[in-house]
Amino acid sequence: MCPLHARNIGAWVRVSSAETIAIPQVPGEATTATKTASRHPNCRPSTTVDEMNIGSQEIALETPANDVFRAPSIYAKDILDGASYAHYSAIPKTIADEKATECVLGVDEAGRGPVLGPMVYGLFYLPITMHRSLLAEKHHFDDSKALTPAFRSTLMERLCTPDSDLYQHCGWATKVMSARDISSGMLKPNGTYNLNAQAMDATIELIKAVFLQGVNIKEIYIDTIGQPATYQKKLERIFPTTQITVAKKADSLYPCVSAASVCAKVTRDAALDVCYESYSDWPSAEGWGSGYPSDARCSNWLKQNIDPVFGWGTECRFSWGTAKELLETKSVPLKVDWPAAEEEDNGMKMTDFFAASSIDQEDNQGDELSNWYGRRVAEGLF
């Protein structure tokens, strides 16, 4: 697959996370997308603090609209394949015509806590002079959780409509982090790649790509991950020439973060629809609701659609406690041993596949041939 895929004569650029990307606006410079590993099926899921239970009012706001707008950031094949990818809009004409234009940039996420669907990071930028007047005062951007699903979808559609002022003055990007890749990172046998680290890498990847496009970013606002001060210091080391603010509830304080939140949430909503269509002819993901464990529609769907061996498809986060519990209590008790995936930096030796573990030795003490291939034998045997 070509690392750069342009749509509408370069209007949209899509980047697969498993490939190397080069942003064409700045010749000679390139950035590498985050590599993703396949889910290691031998790892046991574990309960995570990132798994969230939300109330009924929040469930209603987190549930996709019936006819959610499908932005150019939706790539059905990648979503159904369980692949993570990044998407970048074209630089708005007003900024492209005058590269010295000072811009403000916001970053926020959607879908950190659900057991179903991707986590999506959204990025949004526009000229500083239009920050509040265009976003907050004219179009009423707010934290996506404070907006109805239908209004979120409408705002995203305006952003993607060529004759709208949002399209003409604003740029945006998304990083779709698939459920498969989230679980793969959190279940790595040789050191966990936790959700905070994955989120940080996604944020840095998006911001770097916009800089490489030649956009003059002067201010960055980000909704916090963990401790704001620690997160901010790390970003300031990476982007030393930019004023960076990391704050709690930034999506309610800074309009560019609110807009990034909308981009992330609508992309996630549409991604859920794409996933659900592979199971049903229904036009929306109402069958599994918001994807949160506390949503009865979600938990019922998981119980009714569990496969005794494989569980669910790439839409499910197997590292979530909800999935673990159902696999252990609701499915047919089957044990499958898989070889560990080879690591890039600290790869396994081929002989490791033949050596019996201490656990296996204990389990098979009564079986003389259970680990025969994994131990030395006397020459006289031959």
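None of the figures in this text is laboratory data; all of them are computed from the coordinates on show. Worth saying up front: this structure is predicted, and the values here are computed from it rather than measured. Ideal geometry is used to build each Cβ from the backbone, glycine not excepted, and the neighbour counts take in all protein chains shown.
Data table
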{"read-out": "Violating pairs (Cα-Cα greater than 24 angstrom) within the set Lys208/Lys233; Lys77/Lys324; Lys208/Lys234; Lys138/Lys233; Lys93/Lys248; Lys77/Lys208", "value": "Lys77/Lys324; Lys138/Lys233; Lys93/Lys248; Lys77/Lys208"}
{"read-out": "Separation in nanometres of the label points that stand 7 Å from Cα toward Cβ, at Glu157 and Gln304", "value": "2.9"}
{"read-out": "The stretch 99-168 versus the stretch 284-319: alpha-carbon centroid distance in Å", "value": "28"}
{"read-out": "Amide H contacts under 5 Å for Tyr85, placed H, 5+ residues apart", "value": "Ser17, Val176, Ser178"}
{"read-out": "For the stretch 181-302, size of Cβ-based charge dipole, Lys and Arg +1, Asp and Glu -1, in debye", "value": "660"}
{"read-out": "For the stretch 289-306, 3J(HN,Hα) per residue [Karplus equation, 6.51 cos²θ - 1.76 cosθ + 1.60, θ = phi - 60°, Hz, x = Gly/Pro]", "value": "x, 7, x, 7, x, 7, 7, 4, 5, 5, 5, 5, 4, 4, 5, 7, 10, 7"}
{"read-out": "Farthest toward positive dipole pole in the stretch 37-277 [+1 Lys/Arg, -1 Asp/Glu at C-beta], among Ile244, Phe124, Thr174", "value": "Ile244"}
{"read-out": "Simple Cβ-charge dipole of the stretch 37-277, Lys/Arg +1 and Asp/Glu -1, about Cα centre, in debye nearest 20", "value": "620"}
{"read-out": "Sequence of Trp288, Trp172, Trp312 once ranked by neighbouring C-beta atoms within 10 Å, starting from the fewest", "value": "Trp312, Trp288, Trp172"}
{"read-out": "Positive minus negative residues near Thr154 (Lys, Arg vs Asp, Glu; Cβ under 14 Å)", "value": "+1"}
{"read-out": "Neighbour-count ranking [beta-carbon atoms within 10 angstrom, fewest first] of Ile238, Ile182", "value": "Ile238, Ile182"}
{"read-out": "Separation of the Arg237 and Ser252 label points, Cα + 7 Å toward Cβ, nm", "value": "3.2"}
{"read-out": "Long-range amide H partners of Ala90 with built H, under 5 Å", "value": "Val13"}
{"read-out": "Residue exposure sequence - Leu272, Leu187 - by fewest surrounding Cβ within 10 Å", "value": "Leu187, Leu272"}
